[in-house]
Amino acid sequence: MAAIEQKGAAPSRPTGSPAGISGGLSMRTKRLLWVWGFLAVPILFYAIIRFYPTFQAFYLSLTNWDLVRPPKLVWFANYIKLFKDPQFWKVFRNTFTYLIIGTPISLLLAFVIAYFLDRVRFMHNFIRALYFLPFLTTAAAMAWVWRWFYQPPPIGIINSVLGMLGIPQQPFIGSTDQALYAIMVTAIWAGLGFQIIIFMAGLRAIPNTFYEAARIDGLGEWAILRKITLPLLKPTTVFLVVFSSIGFLRIFDQVYNMTTNDPGGPLGSTKPLVLMIYQTAFNSYAMGYAAAQTVVLFTILLIVSLLQLWILREKK
């Protein structure tokens, strides 16, 4: 009988075994520990690289730091000085001119090219690579090439072509009226390839069954574009609108390299807010004032992005 009882008894588990240690944790808790264990390093890295400099910029914007003396709190004096500066409002107008004109033109061109390029079968990949190539080009090199294009003849190609057509040569980046739009053309051209690729990806993601059903119902190409393609392409459009708007609000490379003799010129007619921040910080060494300008730019970017997302949001 003792042997039977000993045989039927469950073996005792050592108290020091691993199962005894982790037996108190549920499977859900274990998964959460693993997830947060893997996420801890990138979250910490992102906080140090992104959040700390952002909060530091807000703090410095309330000081008069000039790299020589320690920061001294002046509270909102930098912001008062900024909003009273007529140069800031001129730069503000230039920045929003890049945004309001450049964004819709670039997106319209990109969509039209992507729409028709999606139907091309002969050398499709080669043509798509040609459109994408400017996006891979270094901004400084691209700006200098376009600066050469805009020169008077016989150096400038554009003015040489205009002369062949009997059109008077244009000053382009040498004119206070034309310089901003001449630089805007280069910015649109530089980002066009990326926008085309994204639009084509969005077009390819639309199921063909929608188009087949529309053609069976007798809809024409314009009706299909208006009632099927554009509505289903809305998420792609929202992404590109926000992405392109941020790009034009932060425009710097083209302006700085194409107006290198007088950055932001002539007479400040092309100067964007980012270039003003750069000159304030690294020419005048007024770091507190530059930080205030950076905070203003951050606020503009945030408001414009949220406003666009709200306008283009999906209606339920």
Margin query: Any residue in the stretch 249-273 that is under 20 Å from residue 289 (Cα atoms) sitting within a Cβ distance under 9 Å of a residue that is among the basic types (Lys, Arg)? List the pairs, counting only those 6 or more apart or interchain.
Written below: 263/271; 264/271; 268/90; 271/90; 272/250; 273/250
Margin query: For the stretch 239-262, check the following and say yes or no: at least one residue is surrounded by fewer than 19 Cβ atoms within 10 Å (Cβ to Cβ) and more than 25 Å from residue 184 (Cα to Cα).
Written below: no
Checklist line | the stretch 279-302 - residue that is touching a residue at least 24 places away in the same chain (Cβ under 8 Å) and surrounded by fewer than 17 Cβ atoms within 10 Å (Cβ to Cβ) and, of those, nearest to residue 191 (Cα to Cα) | finding: 301
Next item on the list: Answer yes if at least one residue in the stretch 26-33 is at pLDDT 85 or above, closer than 29 Å to residue 294 by Cβ, hydrophobic (A, V, I, L, M, F, W, C) and open to solvent by 80 Å² or more (accessible area, probe 1.4 Å), and no otherwise.
Entry: no
Notebook entry, point to check: Which one of 281, 286, 292 is touching a Leu at 6+ places or on another chain (Cβ under 8 Å) and at pLDDT 90 or above?
Noted result: 292
Margin query: So, residue 93, is that one open to solvent by less than 50 Å² (accessible area, probe 1.4 Å), among the charged types (D, E, K, R) and either under 24 Å from residue 250 (Cα atoms) or assigned to a helix (DSSP H, G or I) (or both) or not?
Written below: no
Margin query: Among (1) of a type outside the set (D, E, K, R); (2) within 30 Å of residue 232 (Cβ to Cβ); (3) at pLDDT below 90, there is one condition residue 166 misses while meeting the rest; what is its number?
Written below: (2)
Item checked: Tally of residues being part of a helix (DSSP H, G or I) and either in contact with a Ser or Thr (Cβ under 7 Å, 6 or more places away or on another chain) or open to solvent by 70 Å² or more (accessible area, probe 1.4 Å) (or both) across the stretch 105-119 -> 6
Margin query: Looking at the stretch 51-109 only, could you name the residues that are of a type in the set (Val, Ile, Thr) and within 20 Å of residue 290 (Cβ to Cβ)?
Written below: 54, 63, 68, 74, 80, 91, 95
Next item on the list: Tell me which of these residue 55 doesn't satisfy, since it passes every other one: (1) at negative phi; (2) of a type outside the set (D, E, K, R); (3) part of a loop (DSSP other than H, G, I, E, B).
Entry: (3)
Item checked: helices (runs of 4 or more DSSP H) (entirely within the stretch 120-233) containing at least 3 residues that are without any contact (Cβ under 8 Å) to a residue 12 or more places away in the chain and not β-branched (Val, Ile, Thr) -> 124-136, 139-149, 157-164, 208-216, 221-224
Checklist line | Sole exception among (1) open to solvent by 30 Å² or more (accessible area, probe 1.4 Å); (2) touching a helix residue (DSSP H, G or I) at 6+ places or on another chain (Cβ under 8 Å) for residue 226, by number | finding: (2)
Notebook entry, point to check: Say we look at the stretch 260-278 and pick out the residues that are among the hydroxyl-bearing types (Ser, Thr, Tyr) and more than 23 Å from the chain's Cα centre (by Cα); which of these is modelled with the highest pLDDT?
Noted result: 269
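The values are calculated or read from the model by the stated rules, or taken from the named source; none is laboratory data. What you see is a predicted model, and the numbers here were worked out from it, not measured in a lab. All Cβ positions, glycine included, derive from the backbone under ideal geometry; neighbour counts span all protein chains shown. These area figures cover heavy atoms from the full protein model, side chains too; ligands, DNA and RNA do not enter into them. Shrake-Rupley method; radii C 1.70, N 1.55, O 1.52, S 1.80 Å.
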